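Q: My structure is below; once you've seen it, I'll send some questions.
The values are calculated or read from the model by the stated rules, or taken from the named source; none is laboratory data. Everything numeric in this text was worked out from a predicted model, so none of it was measured. Quick reminder, even Gly has a Cβ in these numbers, built from the backbone with ideal geometry, and neighbours come from all protein chains shown.
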Amino acid sequence: MTQVDFYILEDNRPEACTLLTCRLSEKAYKQGHQVFINTNSGDQLKQLDDMLWTFRAGSFLPHGRYEENADSTHPVLLGHAVEPEGPSDVLVNLSNEVPVFFSRFNRVAELVGGDESQRQSARERYRFYKDRGYTLNTHNL
């Protein structure tokens, strides 16, 4: 069954969530996992795509944008409003909604910024997972 981890940030700056996404993705990649990052918007996807190249001095995280019917071999894929195909075992969800495809991943990372609207959306997602019996963990950062 899918394990769901909620990462709750005290920092409400938009770049805080983006930076955490980069760090979590890098950690998963170094452990040999395939990662899919589900963004909340096309703008967020572009910002994250840029940040994955520059988030840390000397960092390199091989990634690409997910496009349907494209042969993608990147270990980290980014997508918005699209369901990925192929192997991925870690889902980083930046959307305000639970993706319909979440249950095919071994782990889901739900990132929650310090903004009250993000927290309210996260509470709804938490209830969704809890009502369905998923293993939930909370990490206050």
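Q: Taking GLU110 as meeting all but one of (1) acidic (Asp, Glu); (2) touching an Asp or Glu at 6+ places or on another chain (Cβ under 8 Å); (3) part of a loop (DSSP other than H, G, I, E, B), write down the number of the exception.
A: Checking GLU110 against (1) acidic (Asp, Glu); (2) touching an Asp or Glu at 6+ places or on another chain (Cβ under 8 Å); (3) part of a loop (DSSP other than H, G, I, E, B), the one that fails is (3).
Q: Here is a follow-up. Which pairs turn up if I take residues in region 1-24 that are under 20 Å from PHE101 (Cβ atoms) and surrounded by 13 or more Cβ atoms within 10 Å (Cβ to Cβ) and look for partners that are of a type in the set (Gly, Ala, Ser) and modelled with pLDDT of 90 or more with beta carbon separation below 6 Å, at least 6 apart in sequence or on another chain?
A: Hits for this filter: THR2/SER103; ASP5/ALA109; LEU24/ALA109.
Q: Sticking with this structure for a sec: Check SER117 against each of (1) within 22 Å of ASN12 (Cα to Cα); (2) in contact (Cβ under 8 Å) with a residue 12 or more places away in the chain and name the one condition it does not meet.
A: (2)
Q: Which residues, counting only those in region 81-103, are in contact (Cβ under 8 Å) with a residue 60 or more places away in the chain and not in a loop (DSSP other than H, G, I, E, B)?
A: The initial filter retains those residues of region 81-103 that are in contact (Cβ under 8 Å) with a residue 60 or more places away in the chain, namely 90, 92, 94, 99, 102-103.
Correct list: VAL90, VAL92, PHE102, SER103.
Q: Quick check on region 83-90. Is at least one of its residues modelled with pLDDT of 95 or more, of a type in the set (A, V, I, L, M, F, W, C) and in contact with a strand residue (DSSP E or B) (Cβ under 8 Å, 6 or more places away or on another chain)? I'd like the intermediate steps shown before the answer.
A: Step one: of region 83-90, the residues modelled with pLDDT of 95 or more are 90.
Okay, now just the ones that are also of a type in the set (A, V, I, L, M, F, W, C), so 90.
With the extra rule that they be in contact with a strand residue (DSSP E or B) (Cβ under 8 Å, 6 or more places away or on another chain), the set shrinks to 90.
Looking through region 83-90, at least one residue is modelled with pLDDT of 95 or more, of a type in the set (A, V, I, L, M, F, W, C) and in contact with a strand residue (DSSP E or B) (Cβ under 8 Å, 6 or more places away or on another chain).
Q: Next question, about the same structure. I'm told ARG56 meets every condition in (1) at pLDDT below 90; (2) in contact with a helix residue (DSSP H, G or I) (Cβ under 8 Å, 6 or more places away or on another chain); (3) assigned to a helix (DSSP H, G or I); (4) not hydrophobic (A, V, I, L, M, F, W, C) except one. Can you identify the failing condition by its number?
A: (3)
Q: Could you please give the count of residues in region 66-79 that are surrounded by 15 or more Cβ atoms within 10 Å (Cβ to Cβ) and more than 11 Å from PHE36 (Cβ to Cβ)?
A: 0
Q: Can you tell me how many residues within region 30-53 are assigned to a helix (DSSP H, G or I) and buried (at least 19 other Cβ atoms within 10 Å of the Cβ)?
A: Looking only at that region, the number is 4.
Q: Checking the condition at pLDDT 95 or above and either part of a helix (DSSP H, G or I) or in contact with an Asp or Glu (Cβ under 8 Å, 6 or more places away or on another chain) (or both), which residue from ARG123, ARG119 passes? Walk me through it before giving the result.
A: Working: ARG119 fails: at pLDDT 95 or above.
Testing whether each residue is at pLDDT 95 or above and either part of a helix (DSSP H, G or I) or in contact with an Asp or Glu (Cβ under 8 Å, 6 or more places away or on another chain) (or both) leaves just ARG123.
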